[in-house]
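A quick write-up on the structure given underneath.
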Amino acid sequence: ISGKPVIFTMAGAPPVIIWEREVESLLHYKELIPRLEEALGKFSSRDSVEVIQPVRSTVPLQKHNGFLGLMPTYMENDGVLSTKLVCFYNRGAGSTLPSVSATVLLLDPESGHMKAVMDGEAITSMRTAGASEISAKLLMRPGAEVLAILGTGQQALSHYNAFTEMLSFKEVRVWNHRREGAEKFCRSVSGPVTVCGSVEEAVRGADVIVTVTRSTEPVLCGRWVKPGAHVAAVGACRPDWRELDDSLMKEAVVYADSREGAMAESGDVILSGVEVFAELGDVINGIKPAYREKTTVFKSLGMGVEDAVAANLVYEQWKAKAYKL
Ligand SMILES: NC(=O)C1=CN([C@@H]2O[C@H](COP(=O)(O)OP(=O)(O)OC[C@H]3O[C@@H](n4cnc5c(N)ncnc54)[C@H](O)[C@@H]3O)[C@@H](O)[C@H]2O)C=CC1
Ligand SMILES: O=C(O)C1=NCCCC1
């Protein structure tokens with residue numbers, strides 16, 4: 001027993017604290033994505049012993065142009081109980097503060113004891129990109145070659161990493177509303193990326209488009225999008241924020257991570273008046289078809305269950321590493 005950190009799993013013991021660098025070193029898309037896929041399926045089964053995850057409660061931080069989101073999740077069969085606290089902001093151009101700041105708490109469901117406190121930024125970046133990668137894998141046309149990323153912040157980087165590691169594209173294009181942001185992004189990644197001067201230039205002929213901006217107005221117009229393309233729409237997570245225009249929303253078959261989440265929080269869904277055709281989990285469960293040949297939009301709002309499985313994976317990896325020492 002000597003040398004094994006049994007103490008960390010005992011009720012009453014202090015929680016382990018796992019900060020950003022360590023989370024990044026413990027989480028890998030190859031392990032994370034299959035867990036996310038399984039979790040999305042369980043969420044969409046609406047079976048309360050699999051997942052209980054209410055729509056995020058949101059508290060406005062009006063003075064700071066932001067919101068605090070509370071994202072509790074319980075997975076009874078898996079013995080996973082967690083909550084994420086996430087602050088997200090619509091920052092002005094001059095701000096150097098991050099747009100998203102988050103912490104994940106992992107609890108023992110039997111005792112309520114807090115097992116771990118983790119940095120939530122790396123978890124948020126990677127689980128969001130992982131969910132988008134799943135959407136692309138399920139909904140893009142076979143043989144997709146061109147990826148376009150709109151926005152060049154944190155989510156752009158995690159999406160670039162997940163998409164280039166797990167899928168194969170011949171060309172990656174990026175656009176940012178400030179060109180220097182796109183140029184900096186290109187210098188920070190290892191593979192070839194083309195900087196585009198306009199959204200239209202970036203998305204013309206693209207097979208997969210990822211929108212990861214802080215815009216509150218549409219940046220992507222349906223008339224520029226190739227029929228049959230897949231769009232992973234990640235920004236605009238408030239009922240009055242947009243990234244996609246009405247023509248794209250009306251043309252596309254719309255999928256979401258959570259139907260209730262999309263109807264409560266997505267300006268692109270609410271203001272365009274379109275129906276969510278299916279959740280990603282419905283496709284994973286074989287309940288709804290994946291219309292690969294049609295133009296598809298995956299509207300991502302982010303779900304607590306994604307944080308729960310990612311945090312649980314980090315904790316498992318952390319324990320495995322600690323036991324080996
Ligand atoms: N669906 C989900 O699960 C999640 C969604 N998000 C959302 O994704 C978006 C991106 O998040 P991060 O990459 O962390 O933010 P970030 O601040 O790191 O990057 C935002 C990017 O948008 C650009 N941008 C800012 N204002 C813009 C405007 N008016 N028009 C076009 N581009 C603009 C910035 O230059 C930057 O390239 C945010 O809206 C955030 O709330 C973030 C985390 C999870
Ligand atoms: O799921 C999340 O985490 C977030 N979703 C939308 C806004 C930023 C954080």
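Each other residue within a Cβ distance under 12 Å of Ala136 adds +1 if Lys or Arg and -1 if Asp or Glu, for a net charge of +1. Can you find, among Ala290, Ser132, Gly197, the residue sitting farthest towards the positive end of the charge dipole of region 129-302, where Lys and Arg contribute +1 and Asp and Glu -1 at Cβ? Going by the Cα projections, it comes out as Gly197. Scaling the Cα radius of gyration of region 139-186 by the globular reference 2.2 N^0.38 Å produces a ratio of 1.16. What the Cβ-Cβ distance of Arg187 and Lys250 gives, at R0 = 45 Å and to the nearest 0.05, is a FRET efficiency of 0.75. Extension gain, Arg223 to Ser57: 0.36 nm times the residue separation minus the Cα-Cα distance gives 56.2 nm. Distances between placed amide hydrogens fall under 5 Å for Ala232 paired with Ile209, Val210, Thr211, Phe298, all partners being 5 or more residues away or on another chain.
For the chain, the Cβ-based charge dipole about the Cα centre amounts to some 580 debye (Lys, Arg positive; Asp, Glu negative; other atoms uncharged). Highest-first packing order for the peptide set 210-220, 42-52, 293-303 is 293-303, 210-220, 42-52, based on the mean count of other beta carbon atoms within 10 Å. Tell me, rounded to the nearest percent, the portion of alpha carbon pairs in the chain spaced more than 31 Å apart. Within the chain, distances greater than 31 Å cover 29 percent of Cα pairs. Here the Debye sum runs over all C-alpha atoms of region 146-259 as equal scatterers in vacuum, and log10 of I(q)/I(0) at q = 0.18, 0.23 Å⁻¹ comes out as -0.87, -1.44.
The Cα atoms of region 247-299 give a gyration tensor whose axes a ≥ b ≥ c have a/c of 1.5 or more with a/b no greater than b/c, which makes the shape oblate.
Taking the Cα of Glu38, stepping 7 Å toward and past its beta carbon, and measuring to each backbone N in region 76-119: which are under 15 Å? The answer is 76-81, whose backbone nitrogens lie closer than 15 Å to the label point.
Its DSSP H runs of at least 4 residues, each contributing -39,500 (n - 2.57), put the calculated 222 nm mean residue ellipticity of the chain at -10500 deg cm²/dmol, to the nearest 500. Inter-part distance, region 241-280 to region 42-102, computed on C-alpha centroids, equals 19 Å.
Counted by Cβ distance under 11 Å from Ser272, the other residues give a net charge of -2, where Lys and Arg count +1 and Asp and Glu count -1. What FRET efficiency comes out for Met114 versus Ser25 if R0 is 25 angstrom and r is the Cβ-Cβ distance? Round to the nearest 0.05. Efficiency computed from Cβ-Cβ geometry: 0.65. Its alpha carbons give region 23-77 an Rg and a Dmax of 15.1, 41 Å. Just name one of Tyr160, Gly261, Tyr315: the one whose Cα is farthest towards the positive end of the charge dipole of the chain (beta-carbon charges, Lys/Arg +1, Asp/Glu -1). With unit charges placed on the Cβ atoms, the residue in question is Tyr160. Relative to its residue count, region 211-310 spans a Cα convex hull of 94 Å³ per residue.
Throughout, read-outs are computed from the coordinates displayed, never taken from laboratory work. Since this is a predicted model, take the numbers as computed values, not measurements. Cβ coordinates were reconstructed from backbone atoms using ideal geometry, including for glycine residues, and neighbour counts include every protein chain displayed.
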